[in-house]
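The values are calculated or read from the model by the stated rules, or taken from the named source; none is laboratory data. All of these numbers come straight from a predicted model, not from anything done at the bench. Please note: Cβ atoms are built from the backbone with ideal geometry, for glycine as well, and neighbour counts cover all protein chains shown.
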Amino acid sequence: MACSPGNTRNQQLASTRERMGEHFTPNQLLGRTHTIGCVAVEITQKCNLDCTLCYLSEHSQAVRDIPIQEVFKRLDSILHHYGPGTSVQITGGDPTLRKRSELIEIVEYANKLGLHTALFTNGIAASRDLLTALAKVGLNDVAFHVDTTQERKGFVDEASLNAIREEYIERAKGLGLMIIFNTTVHTDNFKELPMLVGFFVQHADAVSFASFQLQAETGRGEWGARADIIDPITVKAAIEKTISKALPWEKVRIGHSDCHSYMPTLVADKQVYSVVDDAQLFAQFIEEFKHIQTTRQHGTAQIIWDYSKALLARPKWIWKLAKATSSKLFEMRSSLFKSKGRVHKLSFFVQNFMDANALQQDRIDACSFMVMTADGPVSMCKHNAERDEHILKPLTYTDRHGQVKQYQPLGERYKQNNIIPIRQISDTTTPSSLSAKALTARDKRHHPAKSV
């Protein structure tokens with residue numbers, strides 16, 4: 001591995017538990033099996049769409065891409081703060097607008113660090129050829145953002161956008177990538193949520209994760225704050241309406257309870273079944289097996305092996321899990337018969353982002369979704385609210401040849417001609433802020449060998 005975390009895994013988990021505070025509940029994954037939910041690395045601020053609820057700033061399109069050495073530095077920082085196996089969103093802007101060779105190199109570098117990578121893209125430039133190249137260097141997931149906030153020409157509603165979703169599914173199928181779809185839920189498309197849920201259930205053989213992100217007033221988006229109908233409760237109710245059954249939400253916790261709701265399910269014969277029904281059993285399991293820190297990056301075989309050994313050392317759990325599994329199989333018996341035993345995993349995720357002018361400190365403290373900046377990790381909602389503080393900051397970096405250089409995010413012509421006020425932010429990084437040893441090590445690593 002190119003570099004080792006600065007903290008031990010136990011220290012990283014302890015740090016997570018400390019910042020979770022009262023939200024470190026018995027069924028909370030953060031601080032037990034995970035140090036963080038995910039961390040975003042924005043490799044470009046440019047995008048080929050202009051969404052009506054865009055979280056980017058008015059200056060983003062003019063911001064030059066940060067040097068690839070800075071991207072590597074931020075990936076190193078993720079490893080240092082959160083450890084191997086951390087889920088990393090390669091995002092932007094749209095990461096596919098970064099130079100192709102650099103995008104591939106970034107994913108390859110993250111993979112070598114042992115990080116779990118996901119490309120977050122609107123899909124326009126995410127060709128089959130590009131996804132194939134990224135999969136070959138270790139990309140794990142691809143998350144497509146498709147919804148009516150993008151105002152794609154000729155697509156008037158979410159139903160018509162299903163043609164694009166199907167096209168994207170075909171692009172990514174067979175590459176070993178987990179396929180994710182992100183949907184911004186807003187006043188105008190709320191009524192179409194049942195149709196969208198039905199689409200994802202129908203395609204559960206390919207789609208593994210459906211994330212519904214609630215409208216938030218932040219960034220350069222022009223639609224502003226959401227109506228009262230857009231709420232985590234109403235969105236979860238729409239999901240349940242589609243599948244004609246209540247789901248046991250909040251049995252599994254990831255982060256602050258006001259921010260995220262996670263529902264892992266199984267789909268057989270187009271019928272949806274919850275995975276975790278017993279909160280107490282789940283809490284006991286994650287507490288007793290928290291010593292197993294095997295991640296998806298280690299592979300399915302290693303995960304099965306490690307848990308099998310742990311179960312043999314705790315035979316009472318073999319019985320407990322067998323009983324729970326038997327009960328679930330009995331519940332699914334009709335669907336399993338009709339599907340000839342074929343079962344697919346589909347997780348629903350409801351993300352309740354905060355408005356820029358209504359940030360809550362306890363939610364920021366217990367955040368499970370960070371952005372890695374030049375100054376370290378920042379809560380996603382806080383980052384979106386103060387984006388220019390980060391993206392307009394000049395940087396000092398060391399290139400592949402060991403030369404110290406300056407990165408200026410905006411060109412002089414833009415500074416002179418634009419009519420939007422630009423806040424002056426000074427560069428706080430200096431060559432002396434990095435030890436000679438760190439500079440040498442990084443130079444060796446970075447000398448050869450994003451989206452939404």
Practice task
Could you identify the single residue in S77, S101 that is surrounded by fewer than 21 Cβ atoms within 10 Å (Cβ to Cβ), within 26 Å of E389 (Cα to Cα) and either among the basic types (K, R) or modelled with pLDDT of 95 or more (or both)?
Solution key: S77
Exercise for the section: Test each condition in (1) closer than 21 Å to K270 by Cα; (2) over 21 Å from the mean Cα position of the chain (by Cα); (3) not hydrophobic (A, V, I, L, M, F, W, C) for N189 and report the one that comes out false. Expected result: (1)
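Please verify whether T149 is in contact with a Leu (Cβ under 6 Å, 6 or more places away or on another chain) and in a helix (DSSP H, G or I), treating the condition exactly as stated.
It is true that T149 is in contact with a Leu (Cβ under 6 Å, 6 or more places away or on another chain) and in a helix (DSSP H, G or I).
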Exercise for the section: Six or more apart or on different chains, Cβ under 6 Å: which pairs go from a residue in region 342-363 that's over 12 Å from H256 (Cβ atoms) to one that's among the polar types (S, T, N, Q) and surrounded by 13 or more Cβ atoms within 10 Å (Cβ to Cβ)? Could you list them? Expected result: K345/S208; L346/T265; F349/S211; V350/S261; A356/T218
Exercise for the section: Residues being under 23 Å from H80 (Cα atoms) and either in a loop (DSSP other than H, G, I, E, B) or not polar (S, T, N, Q) (or both): count how many of those fall in region 17-49. Expected result: 22
Exercise for the section: Please tell me if A210 is at pLDDT 95 or above and either under 23 Å from A118 (Cβ atoms) or polar (S, T, N, Q) (or both). Expected result: yes
Completion exercise
Taking region 112-152 and keeping only residues that are over 16 Å from the mean Cα position of the chain (by Cα), closer than 25 Å to T35 by Cα and buried (at least 22 other Cβ atoms within 10 Å of the Cβ), one is left with L113
Practice task
Select from region 169-180 the residues that are over 18 Å from the mean Cα position of the chain (by Cα) and in a helix (DSSP H, G or I) and write down the one among them that is farthest from D205 (Cα to Cα).
Solution key: R171
Handout entry: Total residues in region 185-226, condition of a type in the set (S, T, Y) and surrounded by fewer than 17 Cβ atoms within 10 Å (Cβ to Cβ)
Key = 1
Practice task
For region 290-309, enumerate the residues that are in a helix (DSSP H, G or I), in contact with a helix residue (DSSP H, G or I) (Cβ under 8 Å, 6 or more places away or on another chain) and hydrophobic (A, V, I, L, M, F, W, C).
Solution key: I303
Practice task
Kindly check whether there is at least one residue in region 255-265 that is surrounded by fewer than 20 Cβ atoms within 10 Å (Cβ to Cβ), modelled with pLDDT of 95 or more and not polar (S, T, N, Q).
Solution key: yes
Exercise for the section: Starting from residues that are farther than 16 Å from F282 by Cα and among the aromatic types (F, W, Y), keep the ones in region 295-336 and report whichever is surrounded by the most Cβ atoms within 10 Å (Cβ to Cβ). Expected result: W305
